[in-house]
Amino acid sequence: MRLAVEHVTTYTYDRPVRRVVQSHRLTPTACQNQRVIDWAVTVSDGVRGGSFRDGAGDRIEGWSVKGPVEAIEVRVKGLVETQDMAGVLKGLRESVPAVAWLGETAPTAPDGALRDLAAQGAGGDALSLAHDLAGLVAGAIAWVPGRTDASTSAAEALAQGEGVCQDHAHALIALARLRDLPARYVSGYMFDAGEAGEAAHAWAEIWIEGLGWVGFDPANRCCPDARYIRLGCGMDGAGAAPIRGVARGLATESLQIAVAVAQAQQ
Amino acid sequence: MLSRTAENLYWLARYMERAETAARLLDVGSRIAMLPNSEQGYRNEWEALLRAGGSADAFARRYGDPVQRNIESHLFFDHENPSSVVSSITRARENGRIVRTALTTQVWDALNTAFQEMREMERRPRSAQSLSVLTDWTMRHSALVRGAIDATLLRNDGWDFLNLGYVLERADSTARLLDVKYYVLLPNLSFVGSGLDNYQWRTLLRAMSLHRAFHWAYGGEVTAAKIADFLILNPQTPRGLRPCVQAMTHHLDRLAQAYGAVTPAQEAAQALRDRMEAVTIQGILDEGLHEFLTRFIREVSGVGQKIHESYLGGDL
Amino acid sequence: MSTYFNEMMDRGAVRPPYAQLQGWVDQMPAELRNLKQAEAEALFRRIGITFAVYGEGGDPDRLIPFDMFPRVFAAQEWFRLERGIKQRARALNAFLADVYDRGEIVRAGRIPARLVYLNEAYEKAVAGFRPPKGVYSHIVGIDLVRTGPDEFYVLEDNCRTPSGVSYMLENREIMMRMFPELFASNRIQPVEAYPELLRSTLASVAPANCPGEPNIVILTPGHFNSAYYEHSFLADMMGVELVEGQDLFVEGGQVYMRTTQGPKRVDVIYRRIDDAFLDPLCFRPDSMLGVPGLMDVYRSGGVSICSAPGAGVADDKAVYTYVPEMVRFYLGEEPILQNVPTWQCAKADELTHVLENLGDLVVKEVHGSGGYGMLVGPKSTKAEIEAFRAKIIDAPDNYIAQPTLALSTVPSFVEQGVAPRHVDLRPYCLVGERIELVPGGLTRVALREGSLVVNSSQGGGVKDTWVLAE
């Protein structure tokens, strides 16, 4: 599938800021599941910094804006050819061993309810266990936008039984790690033929010995296919954030995000 | 040099000068308080002094009654008053500690000794320390630090930033003292030229350790015009405004030369100096002394702002 | 007490390295000694070398006690130590280069994968990145204790930012000023080259794209930090700037410092702040001490950071057990310096042993430092032991235990005259293009009678450490 992405993030400040520094994870992962035809990231008034592939294989790029400025626009525009690989991530070179993704972070820390849920996962081999866990998460947390925010933990989302893709991913990661399966948070885009849903998307990857990393998207009760574009991963949502930034100055920041993913004409 | 190092040196000097100003205010105040009461009592005079130091409101909230002992506490011992002697010396020493390696052992010793002795004084009973002991102590240590700087520091950019701190703070405080005297201290215009007025003028000179120098330079009767000339325009007056402005441009010019670049700081200082060279005492009195001083204080602060933007902030 | 090895007196005879000191101390009347002690203290106070202890409050300008009686090594003794220290520093660096690359030692089953990769100090962020010259830990501080003429044990390794080297240099400076005659009559090898060597070590790991002479800086958390004196001392001795995070910024893949003449490029950062605070964009987002974007510049090769972020995984107290294995695995050599036998409370059978023998053991927190959170069994009351037992049972993974070592003693000046006191040693090994070790180190001494805890936060002092020329 050929997908066209347009993703604009606008930061506005109530008073001028200086020395804005950002770290981007905004380039599609170099793997067999997707091929970049055209991709460009620009930052208004920005200077491009160092660029490299990190230990998990993600492309990271630094940016800075000297300022003073009152608004910054990060614009991503590109075209990607994707393939359905049944959720299996193929051909990504990485240096972090799978076992390192068993650790715990605050948003994915287990509580009693998560432990109970994890224990319900049956399944003979690791793959069917992972599918089981994904199903349990989808059943336990209904997709309801606006009830959680960026700081909501897996335990909190499970307790209220509602959340969005970030909460599904966190919960699944927590369950997988409880069952000793390495797991990580993936951020990216998703093309949805219907009008609803989030074009900026997040899901989880679980390490299946012998198969490698396999994606699971409890929010959509499926594994990532040709509709998905993968940008990068981390221990949790904060770790996989496409943009991280900080500005010098005492201004209050407000954020506006517009993402459109469309199927391109061939 | 790191911008922050320059900033620490600059503030080290400003705080040392500020400590001295606080001590001088204390001295002026205590002498004025020895006068027979004017109609309003001496409360007004103390308040005026506090206003010169910019802390009248804070004082009223914290102490209420402006009696001598409270004023002493406020101007000398109060850690919450950012302009008190202990606050200023503590901050000067802290700035010095941060840039310890940019100072000589002698400068650090002088600074650190002042700080350690001051902590001793804070522990001693207040009744054992008269006001004149406190003010003399401050003057002595401020002179020791200044002397160590003059005698031992390399004449590099750090030296210029220290001196800029001293002269900016000094220009500001002399202008404020003069303004207070003229504009606030006198209860009403009928006192101008009266015996009370002269006494107050002399007290002011004394507080700046300038009363003898004034008589050598001008002789005869003390008049407002003579004093204004002495403190504003006379190029020989150590704490006078004109020498401060001259020193400002001198040190900024040295920086421009060493760095091979002129910045808005030089331009602002140059403009201020040009105005000071052109003005006459009659012109000042015609404009109004208070108006002149208000403008001067604002312009000095403007130069400080430019120094910050050009050198200390590191955001070039 | 007779079971402790006294480094000066062996079976009633003075050991050769201390021969000259016997006469020196015999001829020093008590008044002169007191006078000298006061002089030393005044000198320390004057140069401003003080030590503030974390979390203890009190006087931040407190002096660390200096004991004038030096500790002496013969050339032959040092020769062996030096080989052992350098060997260990090489192995630790080889380990770090390996675990951030292919992890051969893990694949070979010589160290458990989880111990390495789930370690708090393992940084995913730098996996796959090879720092210049492949060096991760540029200053390796190895804490050693001695139990006999030829028996040395490594107590722990410090691969991140070992502190205390300023004491090594200042102690020597003060001894030379106060007792020049000792230096005339003993052939004591100088340590003063350390700052120069540190500087060239740091310069040797400048990024490949660095044009000309690298600009080196020391990054300090700030003047409230207890080691600030050391940071400013080293910066001064090396002739480099001492910067805080706010003095630096990144742009265009480089790091710059803010100067009065505009931005100046920085090539090598000797950082004295922890990984977690280096860069709010990569590690703790609430860090005010670091430089936003620094890690992006580092990983794209624009700046060198010493020690490399992630180096801490080699000096973890649980990983420590495997260092002799690292020496064998990477260098194909037998370790010259021995580890202290260590029980890991994380392992069930070893935990049982520890709990049964708490009264004889020293128990430490795996991630602790500075002598806090530690139990010295033989010196503790029943109640203290029981309280600690509860802590261990609560979180066994957090603790390791070691036998109480019979730490050697060196004569020290005490109120009554001269008496033996327990000591340890921290030499500072520099690793860059070459491996360097100045002949000396920091000797810490437990000044309280009978005490085995040498940490300055627990009543320890310092001594000048001499290595004699052949």
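Applying 0.36 nm per residue to the separation of B:ALA56 and B:GLU221 and subtracting their alpha-carbon distance, the gain on full extension is 56.1 nm. Within a straight-line Cα-Cα reach of under 18 Å, C:LYS382 can be paired with the following aspartates and glutamates, leaving aside sequence neighbours fewer than 8 residues apart in one chain: C:GLU356, C:ASP360. Just checking the listed ones, B:LEU272, B:LEU204, B:LEU154: in the Gaussian network model of chain B with Cα springs under 10 Å, the one fluctuating most is B:LEU154. The length gained by stretching the chain between B:GLN106 and B:ARG140 to full extension, at 0.36 nm per residue less their Cα-Cα distance, is 10.7 nm.
Residue-normalised convex hull volume from the C-alpha trace of chain C: 159 Å³ per residue. For the cross-link pairs C:LYS379/C:LYS463; C:LYS86/C:LYS124; C:LYS133/C:LYS391, the ones whose C-alpha atoms lie over 31 Å apart are C:LYS133/C:LYS391. Our summary of shape: the Cα atoms of segment B:130-183 have principal axis extents of 40, 29, 10 Å, ordered from largest down, in whole angstrom.
Note on C:ASP286 and C:ALA387: their simple-model spin labels are 2.8 nm apart, each label 7 Å out from Cα toward Cβ.
Of all lysines in the structure, those lying under 26 Å Cα to Cα from B:LYS306, and not within fewer than 8 positions of it along the same chain, are A:LYS66, C:LYS264. Karplus-based coupling profile of segment A:187-192, in residue order and whole Hz: 10, x, 10, 9, 8, 10, with θ = phi - 60° in 6.51 cos²θ - 1.76 cosθ + 1.60 and x standing for Gly or Pro. On the beta carbon distance between C:GLU181 and C:GLN261, with R0 = 51 Å, the FRET formula returns roughly 0.60. Each Cα pair under 8 Å and six or more residues apart adds its sequence gap; the mean of these over the residue count of segment A:73-230 is a relative contact order of 29 percent. Overall, the anisotropy analysis places segment C:61-105 in the oblate class: the square-rooted eigenvalues a ≥ b ≥ c of its C-alpha gyration tensor yield a/c not less than 1.5, with a/b not exceeding b/c.
Across all Cα pairs in the protein assembly as shown, the calculated P(r) in 10 Å bins from zero up to the longest distance comes to 2, 9, 15, 18, 17, 15, 12, 8, 3, 1, 0 percent per bin.
Relative contact order for chain A: 29 percent, from Cα pairs under 8 Å spaced at least 6 residues apart, divided by residue count. With a Förster radius of 51 Å applied to the beta-carbon distance between C:GLU415 and C:ALA193, the computed FRET efficiency rounds to 0.90.
Using a simple spin-label model with pseudo-atoms 7 Å out from Cα toward Cβ, B:GLN305 and C:ALA346 lie 5.9 nm apart. Relative contact order of chain C, taken over Cα pairs closer than 8 Å and 6 or more residues apart, is 24 percent.
Per the Kirkwood formula on distinct C-alpha pairs, the Rh of segment A:127-266 is how many angstrom? So the Kirkwood estimate lands at 15.8 Å.
Diffusion coefficient (Stokes-Einstein, Kirkwood radius over C-alpha pairs, 37 °C, 0.692 mPa s) for segment A:82-121: 243 µm²/s, rounded to a whole number. Quote the FRET efficiency, to the nearest 0.05, computed for B:TYR199 versus B:ALA256 with a Förster distance R0 of 41 Å and r equal to the Cβ-Cβ distance. The computed FRET efficiency comes out at 0.35.
Label-to-label distance, B:SER132 versus A:ALA238, with points set 7 angstrom from Cα along the beta-carbon direction: 6.3 nm.
Scaled to the globular estimate 2.2 N^0.38 Å, the Cα spread of chain B, given as radius of gyration, is 1.00. Here's the list of aspartates and glutamates a cross-link from C:LYS36 could span, going by alpha-carbon distance under 17 Å and ignoring same-chain residues fewer than 8 apart: C:ASP26, C:ASP67, C:GLU170, C:GLU173, C:GLU181, C:GLU415, C:ASP464. List residues of segment C:136-156, by number, whose backbone nitrogen lies under 15 Å from a label position 7 Å along Cα→C-beta of C:GLN76. Inside the label zone: C:149-151.
In plain terms, the chain from C:ASN6 to C:ALA469 could stretch by 164.5 nm, reckoned as 0.36 nm per residue minus the Cα-Cα distance. Dividing the summed -39500 (n - 2.57) terms of all DSSP H runs of n ≥ 4 by the residue count of the protein assembly as shown sets its mean residue ellipticity at 222 nm at -12000 deg cm²/dmol. Please label the shape of segment C:144-219 as rounded, prolate or oblate, based on the square roots a ≥ b ≥ c of the eigenvalues of the alpha-carbon gyration tensor (a/c under 1.5 means rounded; beyond that, a/b larger than b/c means prolate, else oblate). In terms of gyration-tensor shape, oblate. Overall size of chain A from C-alpha positions, given as principal axis extents largest first: 57, 43, 38 Å.
Only the coordinates and a few stated rules stand behind these numbers; no lab work does. Because the structure is a prediction, the values reported are computed rather than measured. A quick note on method: Cβ atoms are made from the backbone with ideal geometry, for glycine too, and the neighbour counts reach across all protein chains shown.
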